[in-house]
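Following: one structure in structure tokens, then a few remarks.
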Amino acid sequence: MTGTNAASSLFPTYGRYPVALVKGQGSWLWDDQGNKYLDFMCGLAVTNLGHVPPKVKDALVKQLDELWHVSNLFHIPHQEAAARLLTDNSHAEAVFFCNSGAEANEAAIKLARRYHQKVLGTGRYEVITFTKSFHGRTLATLTATGQDKVKEGFAPLPAGFVTVPLHDVPALEAAINGNTAAVMLEMVQAEGGVHPVDPAFLQTVVELCDKHGLLLIVDEIQTGMGRTGKLFAYEHYGIQPDIFTLAKGLGSGFPVGAMLAKGKLAEAFGAGSHGSTFGGTPIAAAVVQATVETIVGDKVPERAAEAGDYLRAQLRERLGGNPFVKEVRGQGLLIGIECAGPVGDLVTAARSQGLLVVTAGPEVIRLLPNLLVTHEEIDLAVGILAGVLEGQAATAQ
Ligand SMILES: *Cc1c(COP(=O)(O)O)cnc(C)c1O
């Protein structure tokens, strides 16, 4: 028996596939039975450079020989260098390192409140978010998340969050009040079904933030690090968020998160105001440094844009006549195939044919290949998906 264990000592928090993966390289994974899989989910948008990317691995191995942990009571040269790389490649001027996406969003929410309360003296604290968003699983970030399923059984939820429907300008305007500190959103709602934000709506959000003195927070945890064809997805829209957050692809599979902001926000996080024991350890920082150097140096976002165009074109060509397929959408290599019914069984069928994909809500198949995926690998994946979806269309008739 592989992957499943009735006598597991773990909390049953996850519905796990009956597969135990034990080795990975580039776009490929192997399970403990020797089966090989083409990976089009990347551990949920994490291994953007493929499994065990050589340059990041070399940096990690080198650092393992030198130093693991000292605490943020000391200067950490790799942390400074990693932060400098991120600010050199964005409009941000200050970086805070942490260990996960939820923790990065917590930092963003705390920074927004503290800036309003300690720097501007407005006392504002409320954050407006949108339906179908996903911002994490801590108490604050699940409250910010616009999906009821993540909140069930966790009442009372923290105060200071309002959720309005995405793309609903009157609802957004009505939600803004004297306590509003920030608006937080994703450029493509990924967990919520692969829904890109409408550019005109985003411009209105930016205008409303300017008009009312609100901070704009962009959650780039899934869309960042080249995934959508730009280093950060907000670049597609020509905007400059006050704060944005990273995690998933930032460490190529090593757990790390970061919160980045414009310089005016730096003084709100003075000494002692926020912290994390493991945030930006020498190991984590060395990995981030190598990851960002590789993504920027090897023009990985450009490659993701090209591969994404090719993948969407192939999907539209092969799935175009399929009555079960409603829409192929997304940006770069964050792609959703919206179907006319539940897709859970299709994900299982694809896996049994050696292709790993994941859902985004009950009726959307989400494709998240690594950003260096080849056309040959894309052709292989599209062939498997087309076959699985043809079978579904035939059964549905
Ligand atoms: C995954 C994700 C998070 C949460 O990240 P964790 O590392 O699981 O805490 C937050 N926001 C978005 C958009 C995500 O995709």
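The values are calculated or read from the model by the stated rules, or taken from the named source; none is laboratory data. These figures come from a predicted structure and were not determined experimentally. Here the Cβ is made from the backbone with ideal geometry for all residues, glycine too, and neighbour counts use every protein chain on show. With ligands, DNA and RNA removed, areas are computed over all heavy atoms of the protein, side chains included. Shrake-Rupley method; radii C 1.70, N 1.55, O 1.52, S 1.80 Å.
Peptides 230-240, 251-261 ordered by packing proxy, namely the average of other Cβ atoms within 10 Å per residue, highest first: 251-261, 230-240. Cα-based radius of gyration for the chain, normalised by 2.2 N^0.38 Å, reads 0.99. Length gained on full extension, Ser352 to Ala271: 23.9 nm, using 0.36 nm per residue less the C-alpha separation.
The antiparallel fraction among DSSP beta bridges confined to the chain stands at about 65%. Past the 21 Å Cα-Cα mark, which pairs from Lys23/Lys230; Lys132/Lys248; Lys211/Lys262? Too far apart for the 21 Å limit: Lys23/Lys230.
Across the range 359-371, coupling constants 3J(HN,Hα) worked out from phi with the 6.51/-1.76/1.60 Karplus curve, θ = phi - 60°, read 8, 9, x, x, 10, 10, 8, 9, 10, 9, x, 5, 7 Hz, and Gly and Pro carry x. Taking label positions 7 Å along the Cα-Cβ direction at both Val22 and Lys118, the computed distance is 5.0 nm, reported to one decimal.
If you take the C-alpha gyration tensor of the range 260-346, multiply each eigenvalue by 5 and take the square root, what semi-axes do you get, largest first, in whole Å? It would help to have the intermediate numbers written out before the result.
Numbers: eigenvalues 325, 69, 37 Å².
The answer is 40, 19, 14 Å, longest axis first.
For the range 1-108, chymotrypsin sites (Phe, Trp or Tyr not before Pro) meeting the loop criterion (DSSP other than H, G, I, E, B) and having at most 11 other Cβ atoms within 10 Å: Tyr14, Trp68, Phe74.
Here the gap between Glu390 and Ser8, fully extended at 0.36 nm per residue and compared with their Cα-Cα distance, gives a gain of 133.8 nm. With Cα atoms defining each centre, the range 40-78 and the range 162-222 are spaced 33 Å apart in the structure. Residue-wise HN-Hα couplings along the range 185-196, as the Karplus relation 6.51 cos²θ - 1.76 cosθ + 1.60 with θ = phi - 60° gives them from phi, are 7, 9, 6, 10, 5, 8, 4, x, x, 6, 10, x Hz; Gly and Pro carry x. Using a probe of 1.4 angstrom, how much of the accessible area of the chain is carbon and sulfur, in percent? Roughly 54 percent of what the probe reaches on the chain is carbon or sulfur. In the full protein context, the range 67-297 carries 39 Å² of accessible surface per residue, based on a 1.4 Å probe and ignoring ligands, DNA and RNA.
Pop the C-beta distance of Ala313 and Asp88 into the FRET formula with R0 = 35 Å and round what comes out to the nearest 0.05. Show your work: numbers first, answer last.
Values: r = 34 Å, r/R0 = 0.96.
Rounded to the nearest 0.05, the efficiency is 0.55.
So for each of 219-225, 116-122, 387-393 I average, over its residues, the number of other beta carbons within 10 Å; can you give me the resulting order with the highest mean first?
Final packing ranking: 219-225, 387-393, 116-122.
From the alpha carbon gyration tensor of the range 67-297, can you work out the equivalent ellipsoid semi-axes (sqrt of 5 times each eigenvalue) and give them in Å, largest to smallest?
Values: eigenvalues 146, 75, 60 Å².
Over the Cα atoms of the range 67-297, the ellipsoid semi-axes are 27, 19, 17 Å.
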